[in-house]
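The block underneath contains the structure these notes are about, expressed in structure tokens.
Nothing in this text is a laboratory measurement; each read-out follows from the coordinates by a stated rule. Bear in mind the structure is a predicted one, so any value in this text is a computation, not a measurement. Methodologically, a virtual Cβ is constructed for each residue, glycine included, from the backbone with ideal geometry; neighbour enumeration extends over all protein chains shown.
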Amino acid sequence: MSDPILSLLDLKLGFKTYEGLVEVLHGISLRIGRGEKVALVGESGSGKSVTARIILGLLQELKSARISGAIHFDGADLEKLSRRERQALRGTRMSMIFQDPTSSLNPVFPIHVQFHEVLRRMDRNLTQRQGMQRAISLLTDVSIPEPERVLQAYAFQLSGGMNQRVMIAMALANEPSLLIADEPGTALDVTVQAQTLHLMRDLVVRKGTSVLFISHNLGVVREFADRVYVIYKGRIVEHGPTDALFGQPRHPYTKALMAAVPRITGGGIPDIPENSEAFLDPMIDHEVEVPA
């Protein structure tokens, strides 16, 4: 892959505690090409969300965090940027969709006020009227009926699916080069989740946005992503094109994840070996790349 929009090289994270340094990430390396949809897959606690927050520059502000490694975004070394320069990237050239749309929106302010603040990150001279027109257009793009009414509403007055669509519209409002989607749709029912992901895929394809899609839902990942990285205990253990990785997984952890997917027919959920930890840990340091 040439000229990636994002590359991580040997990214490490630890937290300083009273008992010493607790290591969380152990040398994460990944690349995302321009216009590419890449998934980071693993169970809860594997290090997916903290990786996203490091990319956004959120954990760097914690005094207890110890971060090393290289992070390059659109040709720039993010670790050499000032705090103000990192903050200027968020919501403009890179943006994020969080897990729970309702808690991500401020319940005190109506949607149009929050939308206007997002748009003003790119254009400080944007007027209220221009902001409303732009917001209506963006909400229409995400298939929200009566966008004028939604803009006057508060987050608690809207359904989870509607709030998620609002969050997608906000995340894509300034046409970012990179969109980080952290378990989007987790708080939604299955039907609304499928509609939301289909909508997000169409929008990023039309706008040429690169996506880092964080999930533990392998069914969704298989439909959405071009390539997949599998993370286990803070290490990338396998990566490759989606079809190749699902067709012939090589690492025991990847196989265990796929074996844990519930099946409607054929005997329900396949058994995972009782000593799964025993056969996973000896291979944890051996990253597998699945050929295309």
### Message
Net charge around Leu9, counting only other residues with Cβ within less than 12 Å of its Cβ (Lys, Arg = +1; Asp, Glu = -1)?
### Response
-1
#### Entry: Flagged links, alpha-carbon separation over 22 Å, of Lys16/Lys255; Lys12/Lys63; Lys16/Lys48; Lys16/Lys37
Lys16/Lys255; Lys16/Lys37
### Phi to ³J(HN,Hα) by Karplus 6.51 cos²θ - 1.76 cosθ + 1.60 over the range 106-116, Hz, x for Gly, Pro
6, x, 7, 10, x, 4, 5, 5, 5, 5, 4
### Message
Could you tell me the calculated FRET efficiency between Ala194 and Asp243, based on Cβ-Cβ distance and R0 = 30 angstrom, to the nearest 0.05?
### Response
0.90
### Translational D in µm²/s for the range 100-173 (Stokes-Einstein at 37 °C, 0.692 mPa s, Kirkwood Rh from C-alpha pairs)
274 µm²/s
### R0 of 45 Å, Cβ-Cβ distance Ala153-Asp74: FRET efficiency to nearest 0.05
0.80
### Task
Return a whole-number percent for the relative contact order of the range 100-173, with Cα pairs under 8 Å and 6 or more residues apart as the contact set.
46 percent
### Query
Just how large is the dipole of the range 100-173 about the Cα centre, in debye to the nearest 20, putting +1 at every Lys and Arg Cβ and -1 at every Asp and Glu Cβ?
220 debye
### Message
Show me, for the range 150-167, the HN-Hα J-couplings you get by feeding each phi into the Karplus relation (A = 6.51, B = -1.76, C = 1.60, θ = phi - 60°), rounded to Hz, glycine and proline as x.
### Response
5, 5, 7, 7, 9, 4, 6, 8, 10, 6, x, x, 5, 4, 5, 5, 4, 5
### Charge dipole magnitude, Cβ of K and R +1, D and E -1 - the range 40-160, Cα centre, debye nearest 20
460 debye
### Message
At 222 nm, what value in deg cm²/dmol follows for the chain if DSSP H runs of at least 4 each add -39500 (n - 2.57) and the sum is divided by all its residues, to the nearest 500?
### Response
-10000 deg cm²/dmol
